[in-house]
Every structure is written in C-alpha cells, then in structure tokens.
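First the structure, in the form of structure tokens, and then the observations on it.
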Amino acid sequence: MAEINSTANNRPLKIIAGADDFGSSLKDALVAQLRSLNIEVEDLGTTKYYSIGEEIGRRVSEAAKSNSATETRGLLACGTGVGVAIFANKFPGVYAATCLTVAEALNARSINNCNVLAVSGMSTAPEVAADILTAFLNTPFKSPCPASGSEPWPAEIQTFFDGSVAEMSKISGGNAPAVDPPCFVCSLARSRQEKDFTPVDVMPGGSMIILRETPTSAIVRFKGGSVEPAHHHTFGHDLVVMKGKKCVWNLTKKEKYDLVDGDFLFTPAGDVHRVKYFEDTEFFIKWDGHWDLLLDEDLAAANAAIAAEIKD
C-alpha cells in the first residue's frame with residue numbers, strides 16, 4: 001500500500017466518503033487506509049449512486065463556501081466511477097474526476113484542482129486504487145504531472161491556472177434553477193449538436209456519440225417504437241437512462257427490466273438481450289474494450305417475440 005502524506009496540505013484534511021453497491025468494497029478498503037493513517041474520514045456508507053453522488057457533492061460544495069480551517073474533499077465509488085462523479089459535479093465549487101490510473105489522478109489534481117475523487121469498483125483493484133488515492137491527496141494544484149511531462153508548467157499555463165478555478169465557479173452563477181430529480185448527464189447531451197450523433201446502422205432508429213475512449217463511454221439515442229433484436233457483446237456494459245422508457249429482456253438470465261429516467265442496468269459480457277423503446281429514449285453507456293455487436297436474431301423475429309410477450 002502506498003504511503004499517504006496527509007501533511008502535504010497547508011490545512012488539515014477531511015474526507016467525506018460514500019459508494020453504491022458496486023463500489024462499496026473498494027470504498028471500504030480506501031476508508032480503512034485513510035483511517036490507519038489518522039486522516040479524518042466521514043463515511044456516509046452505501047446508497048444508490050445518484051444519491052451518494054448528490055450528497056457528497058452538496059457537502060463538499062458547502063464546505064468550499066464556508067472558509068473553514070479544514071479542507072474538505074470527497075471520495076466516491078460506484079461500478080464505473082462515472083455516475084457518482086457526474087452527480088457530484090452538479091454543485092458549485094465541486095471538481096469531481098473519475099480516475100482509473102495514477103496518472104489521471106495526478107493530472108486531475110494539477111490541472112483541475114480536483115476535490116472529489118471517483119473510483120471504479122468494477123475496474124480498479126484495491127492496490128491500484130490505493131496509489132490513485134495517494135496521488136489525489138499528495139498532488140498540489142499546478143504541480144508537475146504527466147500532462148506537463150513531469151516538468152513545471154510554463155509561465156503562461158501557470159497564469160491560466162491562476163484564474164481557471166475562479167472562472168469555472170462562475171459558469172452556473174449560483175442562480176441556476178434547481179432540478180428535481182437532477183439529470184446527471186443532460187448537460188453533456190445539451191452541449192453537443194445533433195450532427196455529432198452517428199447512426200447505429202445495424203439498429204434502425206438508433207444513434208450514438210462517443211464521449212471517451214478506454215474505457216469507452218457514449219450517449220445513445222433511440223426513437224420511440226425502435227427495437228434492438230437479440231444480440232450480445234464481448235464486453236459487459238453499464239447504462240443509465242437519461243430520459244424515456246425502454247424494456248430490456250435478458251434472454252440468457254430469463255429476466256426482464258423496465259427502465260425509465262434515472263434507472264441503471266449492468267449487462268455482463270456475452271449475455272443475449274433484446275430491447276424495445278416505448279418512447280424516444282437517451283441513455284449513457286460505458287464499457288471496456290472495442291465496440292462490437294453480435295446479432296442473435298433478425299428484426300422480424302424480435303418484433304414477433306416482443307408482440308407475443310406484450311400480448312401475454
């Protein structure tokens with residue numbers, strides 16, 4: 001386990017931690033590590049990822065505005081580390097980053113003054129997460145990092161950093177109307193033009209835009225009435241419905257999932273599944289590996305199977 005230098009900050013440090021079911025074990029390991037080093041930790045336990053992301057985002061935001069003698073940061077874990085970070089970032093003064101490597105944590109602290117670390121309970125081993133946490137705690141803002149070639153930043157970049165955090169805090173102006181429930185990725189969707197979405201040729205009515213590679217994440221749209229014939233992937237994937245209504249039949253497990261706004265579903269690699277969209281639907285999806293899609297039936301067979309299911 002990497003050693004954490006809790007005195008690297010000028011102020012005493014407090015960490016507020018929490019996770020969903022998929023990140024709970026990893027969060028517990030990191031909390032135990034922090035406590036063994038006498039770092040103050042408030043563990044909020046395990047709840048749904050959007051609830052814990054919101055709660056820690058709110059708490060870190062309030063602490064940032066309080067001018068307390070103690071610096072408060074957040075530690076979040078879910079299946080991918082993505083959902084909790086997006087929810088936490090809804091609050092002013094919160095700069096949450098999903099970090100899967102030490103280099104990402106070094107860059108997030110140096111460039112973005114990241115104050116909430118989000119980790120992946122499904123993709124990150126505890127030993128790796130320990131090193132990521134070390135980097136998150138020990139790396140000062142504007143310090144040398146992999147993005148700077150591990151050299152001090154040039155003067156013009158340092159000048160940019162001097163004003164970047166203050167400029168970021170002005171973006172929402174603190175006067176944006178409250179959203180209930182918060183739409184955790186709608187800001188991503190609104191920031192991208194329609195032309196950026198690429199049709200999914202083998203799935204009529206579908207289109208997607210890749211947001212990040214390795215691990216890959218995307219926003220996918222399907223028109224109401226569209227059907228995905230039974231198919232499978234060589235990778236497992238997480239998805240969260242942003243808006244709309246869909247039904248997923250996992251034919252491998254013989255299970256059915258009715259999904260609406262905010263619902264989460266993980267489908268393991270190789271599981272054959274069929275999908276029906278009852279409304280225009282958008283969802284966020286994340287997977288490891290290269291995109292593939294292997295059809296197990298044609299569209300006519302899928303429509304017939306769904307019609308029989310609905311009739312029954």
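Just how large is the dipole of the chain about the Cα centre, in debye to the nearest 20, putting +1 at every Lys and Arg Cβ and -1 at every Asp and Glu Cβ?
Details: 29 positive and 40 negative charges, 142 e Å.
Dipole size: approximately 680 debye.
Normalised by the number of residues in the chain, what is the relative contact order in percent for Cα pairs under 8 Å and 6+ residues apart? The partial results should precede the final answer.
Details: 653 pairs, mean separation 40.9, N = 312.
Value for the chain: 13 percent.
How much net charge surrounds R35 when only other residues with a Cβ under 14 Å from its Cβ are counted (Lys, Arg +1; Asp, Glu -1)? Could you put the intermediate results ahead of the total?
Numbers: positive: K14, K27; negative: D28, E40, E42, D43.
So the environment of R35 carries a net charge of -2.
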task: Would you mind checking the radius of gyration and Dmax of region 1-148 based on alpha-carbon positions, in Å?
output: 13.4, 37
field: Span per principal axis, largest first, for the Cα atoms of region 41-99 (Å)
entry: 33, 20, 19
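Relative contact order of region 203-312, please, whole-number percent, based on alpha carbon pairs below 8 angstrom and at least 6 residues apart.
On the way: 271 pairs, mean separation 39.2, N = 110.
36 percent.
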statement: In vacuo Debye sum over C-alpha of region 241-312, base-10 log of normalised intensity I(q)/I(0) at q = 0.12, 0.14, 0.19 Å⁻¹, listed in q order, is -0.35, -0.48, -0.91
Neighbour-limited loop hits for trypsin sites (Lys or Arg not before Pro), region 197-301 (at most 15 other Cβ within 10 Å; DSSP other than H, G, I, E, B): K223, K253, K254
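Over region 34-173, calculate the relative contact order: mean separation of alpha carbon pairs under 8 Å at least 6 apart, over the residue count, as a percent.
20 percent
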- prompt: Taking the convex hull of the alpha carbon atoms in region 61-166, what volume per residue do you get, in Å³?
  reply: 99 Å³
- line: log10 I(q)/I(0) for the chain, Debye formula on C-alpha points only (no solvent), q = 0.07, 0.11 Å⁻¹, two decimals, reads -0.31, -0.73
Sum of -39500 (n - 2.57) over DSSP H runs of 4+, divided by residues of the chain (222 nm, nearest 500): -9500 deg cm²/dmol
message: Loop-only GluC sites (Glu not before Pro) in region 207-312, please: DSSP not H, G, I, E or B, and at most 16 other Cβ atoms within 10 Å.
response: E213, E279, E297
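Would you kindly give the portion of the calculated P(r) for region 71-119 that falls above 12 Å, as a percent of all Cα pairs?
Values: 663 of 1176 pairs.
The proportion of pairs with Cα distances above 12 Å equals 56 percent.
Can you give me the orientation-averaged projected area of the convex hull built on the Cα atoms of region 95-142, in nm²? Could the numbers behind the result be given before it?
On the way: hull surface 10.7 nm².
Here the figure is 2.7 nm², rounded to one decimal.
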- prompt: In this model, which of K27/K286; K14/K243; K90/K245; K48/K223; K27/K243; K253/K276 are farther than 26 Å apart at the alpha-carbon?
  reply: K14/K243; K48/K223; K27/K243
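Out of all DSSP beta bridges in the chain, what portion is antiparallel? Express it as a percent rounded to 5. Show your work: numbers first, answer last.
On the way: 41 of 61 bridges.
Here the share of antiparallel DSSP bridges comes out near 65 percent.
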- request: Sort the following peptides by mean Cβ neighbour count (other Cβ atoms within 10 Å, averaged over residues), highest first: 227-238, 91-102.
  value: 91-102, 227-238
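Coordinate-derived values only; no laboratory data. Everything quoted here is computed from the prediction, not taken from an experiment. In this analysis, Cβ positions are derived from the backbone assuming ideal geometry, glycine residues included, and neighbour counts consider all displayed protein chains.
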